[in-house]
Amino acid sequence: MTTSKLHISTLAVQAGYNPENAATRVPCIAQSTTYAFDTAEQIGDVFDLKDTAHIYSRISNPTVAQLEEKINALEGGTGALALSSGHAAVSLAIMNLCIAGDHFVTAKSLYGGTINLFMHTLKKYGISCTFVDQDAPIEELEKAIQPNTKLIFAESLTNPGMEVLNFKKFSKFAEGNQLPLIIDNTFPTPILCQPFQHGANIVIHSTTKFIDGHATSLGGIIIDGGNFDWTNGKFPDFTEPDETYNGAIYAKDFKENPFVVKARTQLLRDFGPCMSPFNAFMTYHGCQTLALRMEKHSMNTLQLAEWLEDHEHVEWVRYAGLESSPYIELSKTYLPDGASGVLAFGYKGGLEETKKVINKLKLAKLVVHVGDIRTGVVHPASMTHRQLTEEQLLDINITQNLIRISVGIEDIRDIIADFEQAL
Ligand SMILES: *Cc1c(COP(=O)(O)O)cnc(C)c1O
């Protein structure tokens with residue numbers, strides 16, 4: 001199916017599978033580890049990357065490929081690689097460019113798990129990073145660049161800070177240093193923000209969140225923008241032959257999407273975090289209603305944010321779609337159709353009082369998750385970000401009284417009523 005002229009909500013429904021005459025309307029699950037071939041030559045060509053047929057489901061699978069094609073179409077990329085989780089996507093995206101001795105620059109307001117990975121685990125493997133304040137002027141950001149810096153990383157809409165990335169500044173920062181800009185676009189999803197249109201080179205997602213949308217399946221994906229020059233001298237792994245694939249040169253032999261081809265053939269092959277066909281099937285189904293859901297999530301969240309802002313027991317509300325938000329101008333530029341389904345607010349009280357409010361909620365459950373159709377809350381200080389010290393928490397604007405809400409698609413009157421009784 002040629003998808004380039006279709007609108008995004010049509011792509012969400014249709015892209016990824018175009019049934020042949022009398023084929024199943026819904027894609028089937030290819031629950032098979034392997035694929036049958038007639039000749040040794042054929043399978044040899046696949047091992048040499050001359051043929052792109054599936055040979056083993058750790059590397060690729062038809063059901064997973066349908067999901068990859070759908071999300072690639074939504075982001076407007078040149079190729080995608082689905083993985084077992086969002087964390088696998090973050091890890092492989094970094095490891096695809098950095099080896100021991102390399103360095104990268106990252107915005108410091110990040111998903112808690114990503115902070116752990118960057119601050120502790122990657123460091124043990126010799127990959128270091130510098131955390132920068134994404135709102136600092138570009139002259140400040142420049143100071144973080146080192147000769148061994150390989151990439152710039154940031155989230156388009158941060159969790160739980162609800163900060164909107166200044167893409168203009170960050171893409172200029174990356175481009176000026178001839179470095180790729182990798183964007184974690186989990187919170188807006190391609191429905192609300194398409195980072196390739198704003199200078200990003202690689203986009204990643206935790207598909208576990210809004211893309212699946214129903215809290216059924218872990219998953220992650222890396223999408224190649226096909227818009228970065230890997231031959232600028234900083235990336236020898238893209239310009240020198242890969243002996244494990246008969247001397248393939250990624251930047252030359254896979255010009256369109258060398259980043260995801262290399263991530264698949266080297267890292268997915270060797271580390272193995274593949275997405276299961278069943279999870280791909282579930283995620284594909286969830287994704288079909290993504291456009292509808294993001295509109296409803298955003299509408300409900302804005303209404304709840306406005307209601308909370310007027311509540312006597314609420315100290316502050318953080319949501320990029322609120323007129324009072326310091327990010328409203330960036331939000332209007334980069335998230336014109338809605339600021340997604342997550343907000344944070346501060347309760348007028350300390351740690352213990354805040355926990356009490358959470359325990360009183362009935363419709364909204366306590367869940368370590370966002371992006372579900374059902375409303376859920378998290379208390380980062382005691383849950384997702386509990387590994388950080390109080391000082392580190394304050395540095396990324398997480399206070400003891402912060403409650404994060406992932407607003408579902410239920411009737412907004414019922415959601416508000418639940419918070420009214422709890423507050
Ligand atoms: C959840 C999340 C991740 C990690 O994804 P998993 O699917 O849980 O591994 C990464 N980035 C962001 C912004 C997230 O919200």
- Members of region 52-82 found to be buried (at least 20 other Cβ atoms within 10 Å of the Cβ), over 18 Å from residue 31 (Cβ atoms) and not acidic (Asp, Glu), listed by number: 70, 71, 72, 73, 74, 77, 79, 80, 81
- Item | Residue that is modelled with the lowest pLDDT, among those in region 379-423 that are over 26 Å from the mean Cα position of the chain (by Cα) and farther than 25 Å from residue 302 by Cα | 390
- Residues satisfying the stated conditions in region 327-336, i.e. open to solvent by 10 Å² or more (accessible area, probe 1.4 Å) and assigned to a helix (DSSP H, G or I): 328, 329, 330, 332, 333, 334
- Cβ pairs under 6 Å, 6+ apart or interchain, first in region 404-423 and farther than 10 Å from residue 307 by Cβ, second among the β-branched types (Val, Ile, Thr) and not in a loop (DSSP other than H, G, I, E, B), ordered by first then second residue, are 404/378; 405/377; 406/342; 407/301; 422/357
- Message: With the structure loaded, tell me whether residue 324 is open to solvent by 20 Å² or more (accessible area, probe 1.4 Å) and not in a strand (DSSP E or B) or whether it fails that test.
- Response: yes
- Answer yes or no: is there a residue in region 175-184 that is of a type in the set (A, V, I, L, M, F, W, C), within 14 Å of the ligand (Cβ to nearest atom) and open to solvent by less than 30 Å² (accessible area, probe 1.4 Å). yes
- Task: Among residues belonging to region 351-381 that are open to solvent by less than 30 Å² (accessible area, probe 1.4 Å) and free of Cβ contacts under 8 Å to residues at least 60 places away in the same chain, point out the one that is nearest to residue 114 (Cα to Cα).
- Result: 381
- Query: Restricting region 337-350 to residues that are in contact (Cβ under 8 Å) with a residue 60 or more places away in the chain and in contact with a strand residue (DSSP E or B) (Cβ under 8 Å, 6 or more places away or on another chain), which is farthest from residue 9 (Cα to Cα)?
  - Reply: 347
- Task: Could you grab me the full set of residues in region 199-218 that are more than 9 Å from the ligand (Cβ to nearest atom) and not in a loop (DSSP other than H, G, I, E, B)?
- Result: 202, 203
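Condition check ((1) assigned to a loop (DSSP other than H, G, I, E, B); (2) surrounded by 12 or more Cβ atoms within 10 Å (Cβ to Cβ)) across all residues:
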position: 16; (1), (2): yes, yes
position: 25; (1), (2): yes, no
position: 29; (1), (2): yes, yes
position: 32; (1), (2): yes, yes
position: 41; (1), (2): no, no
position: 46; (1), (2): no, yes
position: 49; (1), (2): yes, yes
- Within region 334-378, work out how many residues are over 21 Å from residue 421 (Cα atoms) and of a type outside the set (S, T, N, Q). 13
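For (1) within 15 Å of the ligand (Cβ to nearest atom); (2) at pLDDT below 95; (3) under 24 Å from residue 147 (Cα atoms), each residue gets a yes or a no:
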| position | (1), (2), (3) |
| --- | --- |
| 75 | no, no, no |
| 81 | yes, no, no |
| 93 | yes, no, yes |
| 98 | no, no, yes |
| 101 | no, no, yes |
| 107 | yes, no, yes |
| 112 | yes, yes, no |
| 123 | no, no, yes |
- Item | Answer from 131, 153 - the residue that is modelled with pLDDT of 95 or more, surrounded by fewer than 22 Cβ atoms within 10 Å (Cβ to Cβ), within 16 Å of the ligand (Cβ to nearest atom) and within 19 Å of the chain's Cα centre (by Cα) | 131
- Is it true that some residue in region 162-173 is within 16 Å of the ligand (Cβ to nearest atom), at pLDDT below 95 and in contact with a strand residue (DSSP E or B) (Cβ under 6 Å, 6 or more places away or on another chain)? yes
- Query: Looking at region 134-150, which of the residues that are under 22 Å from residue 397 (Cα atoms) and out of contact with any strand residue (DSSP E or B) (no Cβ under 6 Å at 6 or more places or on another chain) is nearest to the ligand (Cβ to nearest atom)?
  - Reply: 135
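The values are calculated or read from the model by the stated rules, or taken from the named source; none is laboratory data. Since the structure is predicted, the reported quantities are computational estimates derived from the model, not experimental observations. Please note: Cβ atoms are built from the backbone with ideal geometry, for glycine as well, and neighbour counts cover all protein chains shown. For accessibility, only protein heavy atoms count, side chains too; no ligands or nucleic acids. Shrake-Rupley method; radii C 1.70, N 1.55, O 1.52, S 1.80 Å.
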